[in-house]
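Q: A single structure is presented below for examination.
The values are calculated or read from the model by the stated rules, or taken from the named source; none is laboratory data. None of the values given here were measured: they were computed from a predicted structure. Positions of Cβ are generated from backbone atoms using ideal geometry, with glycine treated the same way; all protein chains shown enter the neighbour counts.
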Amino acid sequence: MSYTPPPPGSTEVGKPTPDDVPKQDAHIRDLPPEVRRSFLLSMVFFPSAVGAGICLVLFIGWWTLREPKKAPQYALELRDGISNGTKRTRWQVAREIAEHIHDKDVQDPAVLSALLDIVEKPDLDEEVEVWSPSDMIRKAEERRVRLRWWAAYFAGHLGGVLKDPEGRTAKVLTKALDEQSNDDPQTAAGLRTYAAEGLALLKDLNTADALAQRLTADSDAGVRATAAYALGALGFHHFTSGAVQGAPPAKLAAIQEALREAFLKDNDIDVTYNAAIALARIHDDTGRKTLDKLAENPDPLLQGQARKALAILDGKK
């Protein structure tokens, strides 16, 4: 409907419309041009311009004051935590490093050294992180995330990227594979698990024997399953992907033997699955029947891993 102005003298500027004056429901496009223009300027364009200006000022201020962190600062905060005066806990720094793990300022020997220092300090197991609401009501010793676990994983990642010419990453993570504790076996097993994951990322063939030992002899099924995965990653990288030439065949034989023994003898289903997948990655079809069944598993993650392993065996990858 079109807009019909009220009779002259029936309304006063700045005051509500009297009750005896008919009210109208009109779309904005039906209002006179001068009314529409006034409405849009005062209620839309002006507030939007003010908001955009405030955002621009805040962004310019943030960009001007922003100082990108460098590797020495990351390393210092990891080592000292809140004691260096930054009032940032190691976990805050850890989260930031995880978010920027592909940045050149994080992929630095100083950061790697700090991570390895953390792995070597058992007293840091007391520094745990609350990752979920349920963790907030648990006792500290019951929380599942430990700083040393995180450091072991990312040390393996950075060690693989930086190649670690001194070989300290392999030594520290291999030692962590042997972590034991009568007082807190769960935490020790967690470190062994994350150390195995770190070694899978490091891809140092010299760690194969230590991983095989964990696969065949560790009391924790989670550690054994991760060791199987890590051996598969080592074998695939060094022998089937062509990434490294001239690797000794004896190493492949040792990896293959350890994985076959785990596949045939281990009673834990996760170890069996991981061993079957790892064997396929080095072109050993010992676990093909298991992989065929696993390829129909309702779990999409297991199903996808099994199908990738079968593709390797079939020469499609």
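Q: Identify, please: which residue in the stretch 49-78 is modelled with pLDDT of 80 or more and not hydrophobic (A, V, I, L, M, F, W, C) and is, among those, nearest to residue 154 (Cα to Cα)?
A: Looking at the filtered set, the residue picked out is 74.
Q: Moving on to the next point. Quick one: would you say residue 258 is touching a helix residue (DSSP H, G or I) at 6+ places or on another chain (Cβ under 6 Å) and within 20 Å of residue 162 (Cα to Cα)?
A: Details: touching a helix residue (DSSP H, G or I) at 6+ places or on another chain (Cβ under 6 Å): yes; within 20 Å of residue 162 (Cα to Cα): no.
Considered against the rule, which asks whether it is touching a helix residue (DSSP H, G or I) at 6+ places or on another chain (Cβ under 6 Å) and within 20 Å of residue 162 (Cα to Cα), residue 258 comes out as no.
Q: Now for a separate question. Taking only the stretch 262-287 into account, find how many residues are touching an Asp or Glu at 6+ places or on another chain (Cβ under 8 Å) and within 20 Å of residue 314 (Cα to Cα). I'd like the intermediate steps shown before the answer.
A: Kept after step one, since they are touching an Asp or Glu at 6+ places or on another chain (Cβ under 8 Å), are these residues of the stretch 262-287: 272, 275, 279.
This time we only want the ones that are within 20 Å of residue 314 (Cα to Cα), so: 275, 279.
Residues meeting the conditions: 2.
Q: A further question on this structure: How many residues does the stretch 162-204 hold that are β-branched (Val, Ile, Thr) and farther than 21 Å from residue 232 by Cβ?
A: Taking the stretch 162-204 first, the residues β-branched (Val, Ile, Thr) are 169, 172, 174, 187, 193.
After this cut, where a residue has to be farther than 21 Å from residue 232 by Cβ as well, the list is 172, 187.
Number of matching residues: 2.
Q: Return the only residue of 254, 243, 230 being small (Gly, Ala, Ser), at pLDDT below 95 and under 15 Å from residue 200 (Cβ atoms). Write out each step before concluding.
A: On the way: 254 fails: under 15 Å from residue 200 (Cβ atoms); 230 fails: at pLDDT below 95.
Only one candidate qualifies: 243.
Here is a yes/no grid of residues against (1) touching a His at 6+ places or on another chain (Cβ under 8 Å); (2) farther than 15 Å from residue 93 by Cα; (3) aromatic (Phe, Trp, Tyr); (4) modelled with pLDDT of 60 or more:
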site: 121; (1), (2), (3), (4): no, yes, no, yes
site: 127; (1), (2), (3), (4): no, no, no, yes
site: 132; (1), (2), (3), (4): no, yes, no, no
site: 140; (1), (2), (3), (4): no, yes, no, no
site: 144; (1), (2), (3), (4): no, yes, no, yes
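Q: Also: If residue 275 satisfies every condition in (1) in a loop (DSSP other than H, G, I, E, B); (2) small (Gly, Ala, Ser); (3) at pLDDT 95 or above but one, which is the exception?
A: Going through (1) in a loop (DSSP other than H, G, I, E, B); (2) small (Gly, Ala, Ser); (3) at pLDDT 95 or above one by one, residue 275 breaks only (1).
Q: Please determine whether any residue of the stretch 34-48 is loosely packed, with under 10 Cβ neighbours inside 10 Å and at pLDDT below 75. Lay out the reasoning, then the answer.
A: Taking the stretch 34-48 as the starting set, the residues that turn out to be loosely packed, with under 10 Cβ neighbours inside 10 Å are 34.
Retained after the next criterion (residues that are at pLDDT below 75): 34.
Yes, the conditions are met somewhere in the stretch 34-48.
Q: Output the number of residues of the stretch 81-97 satisfying the condition of being under 22 Å from residue 123 (Cα atoms), assigned to a helix (DSSP H, G or I) and either at pLDDT 90 or above or of a type outside the set (S, T, N, Q) (or both).
A: Initially, the stretch 81-97 is screened for residues under 22 Å from residue 123 (Cα atoms), giving 81-95, 97.
Imposing the further condition that a residue be assigned to a helix (DSSP H, G or I) reduces the set to 81-84, 90-95, 97.
Retained after the next criterion (residues that are either at pLDDT 90 or above or of a type outside the set (S, T, N, Q) (or both)): 81-82, 90-91, 93-95, 97.
Count: 8.
Q: Return only the number of the condition from (1) assigned to a helix (DSSP H, G or I); (2) more than 25 Å from the chain's Cα centre (by Cα); (3) crowded, with 16+ Cβ neighbours inside 10 Å that residue 289 does not satisfy.
A: (3)
Q: Then there is this: Taking the stretch 197-228 only, how many residues are surrounded by fewer than 24 Cβ atoms within 10 Å (Cβ to Cβ), among the hydroxyl-bearing types (Ser, Thr, Tyr) and under 20 Å from the mean Cα position of the chain (by Cα)?
A: 0
Q: Looking at 195, 176, can you tell me which residue is in contact (Cβ under 8 Å) with a residue 60 or more places away in the chain, touching a Leu at 6+ places or on another chain (Cβ under 9 Å) and over 27 Å from residue 293 (Cβ atoms)? Break it down into steps so the answer makes sense when it comes.
A: On the way: 176 fails: in contact (Cβ under 8 Å) with a residue 60 or more places away in the chain.
Only one candidate qualifies: 195.
Q: Tally time: how many residues in the stretch 169-196 are under 21 Å from the mean Cα position of the chain (by Cα) and surrounded by fewer than 22 Cβ atoms within 10 Å (Cβ to Cβ)?
A: 2
Q: In addition: Is it true that residue 113 is among the hydroxyl-bearing types (Ser, Thr, Tyr), more than 20 Å from the chain's Cα centre (by Cα) and modelled with pLDDT under 85? Explain how you work it out, then say what you get.
A: On the way: among the hydroxyl-bearing types (Ser, Thr, Tyr): yes; more than 20 Å from the chain's Cα centre (by Cα): yes; modelled with pLDDT under 85: no.
Considered against the rule, which asks whether it is among the hydroxyl-bearing types (Ser, Thr, Tyr), more than 20 Å from the chain's Cα centre (by Cα) and modelled with pLDDT under 85, residue 113 comes out as no.
Q: If residue 270 satisfies all but one of (1) crowded, with 19+ Cβ neighbours inside 10 Å; (2) part of a helix (DSSP H, G or I), what's the number of the condition it fails?
A: (1)
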